[in-house]
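Readers should treat all values here as calculations from the given coordinates under stated rules, not as data from a laboratory. Predicted, not measured: the structure shown is a model, and the values here were computed from it. Positions of Cβ are backbone-derived with ideal geometry, glycine not excepted, and every protein chain shown enters the neighbour counts.
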Amino acid sequence: MSKVTEKLEGMNVWIYHGQIYIPNIYSAGAVGSRFLVGLRDKKRIMGTRCPTCNRVYVPARSVCKDCFSQLDEWIEVSHQGTVLSYSVCHQPNPVQPVETPLVYGIIQLDGADTGFVHMLGEVDPEQLRVGMRVQAVFKEERVASILDIKYFKPLG
Amino acid sequence: MARESPKKKAKESKPEYIQVAFNTPRPYNWSTGKYLGKFYAEAKENRKIVGNRCPKCKEIWLQPTVVCPKCKVDMGWDWVQLPQTGTVTQYTYLVYPLWDPHYGEKWANPYPSAMILLDNGFYYRAFLEETDKDKLRVGMRVQAVWKEDYEERGQGPADILYFRTIED
């Protein structure tokens, strides 16, 4: 990107191209780290189960949002799931992980009770519908990031 | 089967902690408008610092304004070229590296930041070239040094790299 201002033709108006960096680093924490390491090393999507509410959270979290129980029971959930909701995004933005158009989806994985936010891929936007079955596609080189899952593609 | 030592077992089961990092630049654009655009154009094309003068109170404003902040009248289109030599009236020796708010990059450091009384009596804030703290003094004579490359100019006030000490 040019760091220099551009002049609009025929006008004394300049367009100033600026940019800011917001360097930001945080620890995923004990539970988040275990979830991400599971993705990286064994292609496992892990969740934690609340013993009181009998609800499985994916991605894993340490405390139940309703009853505040400590969640110690780890459960591996399926790579397949059902689309609860989706959104097609055409507006490019530098923080987006892939080029537009991209499809964000909320996927309830089999064995989980919560929605998992990720991207949908290999899918024609017109074929999208709530309730379609999808499957996780993992990257070859994984670095313990949520993007180790490339996207979810339609099943069959 | 050999029993594992507790120490070894503890080492193996040590959890790995992941850090998540983001450093994506966030670009943005803004229009300078007509009056500030004139200032930008003069800096880029002619290496001139220009301000505009109020028709009523005859005060020069920089950055240029549309309405005089004092008299609240329309400034018109009366431009004044400011001299590029002046006298340091006060300075700050910056040791902490500041971030350029427009590009998110660090400014050169250390650079003294000074208020310079230009030769027409206008105060202008700029960096000084002299980075030796012992050679700085109030009253030293300085002159503006512009970016040489035409393509790199176009950032308004930042087109002046710094003010260089001159003898006269």
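The sole residue among A:83, A:13 that is surrounded by 14 or more Cβ atoms within 10 Å (Cβ to Cβ) and more than 11 Å from chain B (Cβ to nearest Cβ) is A:83. Against the test of being buried (at least 16 other Cβ atoms within 10 Å of the Cβ) and either free of Cβ contacts under 8 Å to residues at least 60 places away in the same chain or under 22 Å from the mean Cα position of the chain (by Cα) (or both), the options B:73, B:66, B:88, B:95 yield a single qualifying residue, B:88. Here's a check for you: in the range B:24-53, which residue that is small (Gly, Ala, Ser) and either in contact (Cβ under 8 Å) with a residue 40 or more places away in the chain or assigned to a strand (DSSP E or B) (or both) is farthest from the other protein chains (Cβ to nearest Cβ)? If we take residues in the range B:24-53 being small (Gly, Ala, Ser) and either in contact (Cβ under 8 Å) with a residue 40 or more places away in the chain or assigned to a strand (DSSP E or B) (or both), then B:51 is farthest from the other protein chains (Cβ to nearest Cβ). Considering the conditions (1) in contact with a strand residue (DSSP E or B) (Cβ under 7 Å, 6 or more places away or on another chain); (2) aliphatic (A, V, I, L, M); (3) within 30 Å of residue B:137 (Cα to Cα), residue B:67 is excluded by exactly one of them, (3).
Could you go through the range A:36-45 and let me know if any residue there is within 14 Å of another protein chain (Cβ to nearest Cβ), of a type in the set (D, E, K, R), touching a Phe, Trp or Tyr at 6+ places or on another chain (Cβ under 8 Å) and part of a helix (DSSP H, G or I). No; the residues of the range A:36-45 include none that is within 14 Å of another protein chain (Cβ to nearest Cβ), of a type in the set (D, E, K, R), touching a Phe, Trp or Tyr at 6+ places or on another chain (Cβ under 8 Å) and part of a helix (DSSP H, G or I). Close Cβ contacts (under 7 Å, 6 or more residues apart or on different chains) running from residues in the range A:19-30 that are facing chain B (nearest Cβ under 7 Å) and assigned to a loop (DSSP other than H, G, I, E, B) to residues that are surrounded by 11 or more Cβ atoms within 10 Å (Cβ to Cβ) and of a type in the set (Gly, Ala, Ser) comprise A:21/B:104.
When residue A:61 is tested against (1) under 18 Å from residue A:142 (Cα atoms); (2) surrounded by 15 or more Cβ atoms within 10 Å (Cβ to Cβ), exactly one condition is not met: (1). Candidates in the range B:114-168 are the residues that are in a helix (DSSP H, G or I) and within 16 Å of the chain's Cα centre (by Cα); of these, the one that is surrounded by the most Cβ atoms within 10 Å (Cβ to Cβ) is B:156.
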